[in-house]
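Structure first, commentary second.
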Amino acid sequence: PQPLAVSSTGRYVALLGLGRLDALTVVDLTARRFVWQASVPRVRCLTFSPDGRTLYAAGHRGVQAFAAANGASLTTWLAESSGALGGPVTRIAASPDGRLLAAGTDLPDGKVYLLDARTGRRIADWSVAGRAAKGPLGIGRKSTVIDGVAFSPGARLLATADSLTRTVRIWRVPAGDDR
């Protein structure tokens, strides 16, 4: 998991599990003080927006956005009901321009979703699934584990890493007109 995120400005650090398993803590490094702490059950990964103002926490519930400065909840896109996400999120990344989020899910088909960072609207999705493997009792088991998502500097490409298939795939991000 990504239990730690640092804002691009270097001002904020966000940590999971400090003091409590479900704790999300944000520290202001410039002021050398705790800023806020919230209970966020089953969060697996964190990332800041490029300007450092928004912290995205993702996991079993979906994606939650918080104001980095004070912890105010900005929005939540639930995995089950948002229509944007098909399941629990394992990895998340913000595009360099802050307009997009990429969310890798914990689903057998290895879906990766491209979302509008303001609205949560699904722009695109890709399946990175490998061949389904059979477990010892002939029962299907996971064929992918999305361990990483990252945008290229110009946000034209998205890379995904899958530890079970040991692959890195590169996806073309739709241009602004195609969104």
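The values are calculated or read from the model by the stated rules, or taken from the named source; none is laboratory data. Note that the structure is a prediction, hence the values are computed from the model and not measured. Ideal geometry is used to build each Cβ from the backbone, glycine not excepted, and the neighbour counts take in all protein chains shown. In case anyone asks, the SASA skips ligands and DNA or RNA and just uses the protein heavy atoms, side chains included. Shrake-Rupley method; radii C 1.70, N 1.55, O 1.52, S 1.80 Å.
Quick notes on this one:
- Phi to ³J(HN,Hα) by Karplus 6.51 cos²θ - 1.76 cosθ + 1.60 over the range 145-156, Hz, x for Gly, Pro: 9, 6, 9, x, 9, 8, 8, 6, x, x, 6, 8
- Largest to smallest in accessible area, the residues Thr119, Thr25 fall in the order Thr119, Thr25 (1.4 Å probe, all protein chains included).
- Heavy-atom accessible surface of Ile92, to the nearest 10 Å², is about 0 Å², with a 1.4 Å probe and all protein chains retained.
- Less than 5 angstrom separates the built amide H of Tyr12 from those of Ser7, Leu29, all sequence-distant by 5 or more or on a different chain.
- Residues with amide H under 5 Å from that of Thr90, placed H, sequence gap 5 or more: Gly104, Thr105, Asp106
- Carbon/sulfur fraction of accessible area - the range 1-111, other protein chains in place, 1.4 Å, %: 53
- Spacing of the modelled spin labels on Asp147 and Gln37, each 7 Å from Cα toward Cβ, amounts to 3.2 nm.
- Amide proton proximity set for Leu157, modelled H, under 5 Å, gap of 5+: Ser152, Val173
- Using a probe of 1.4 angstrom and keeping all protein chains present, the accessible surface of the chain works out to 52 square angstrom per residue.
- Rounded to the nearest Hz, the phi-derived 3J(HN,Hα) couplings of the range 105-118 under the Karplus curve 6.51 cos²θ - 1.76 cosθ + 1.60 (θ = phi - 60°) are 9, 9, 10, x, 7, x, 5, 10, 10, 9, 10, 6, 5, 8, where x marks glycine and proline.
- Ranked by how many other beta carbons lie within 10 Å on average, peptides 38-46, 97-105, 110-118 from highest: 97-105, 110-118, 38-46
- For the pair Leu29 and Ala72, the difference between a 0.36 nm per residue extended length and the Cα-Cα distance amounts to 13.6 nm.
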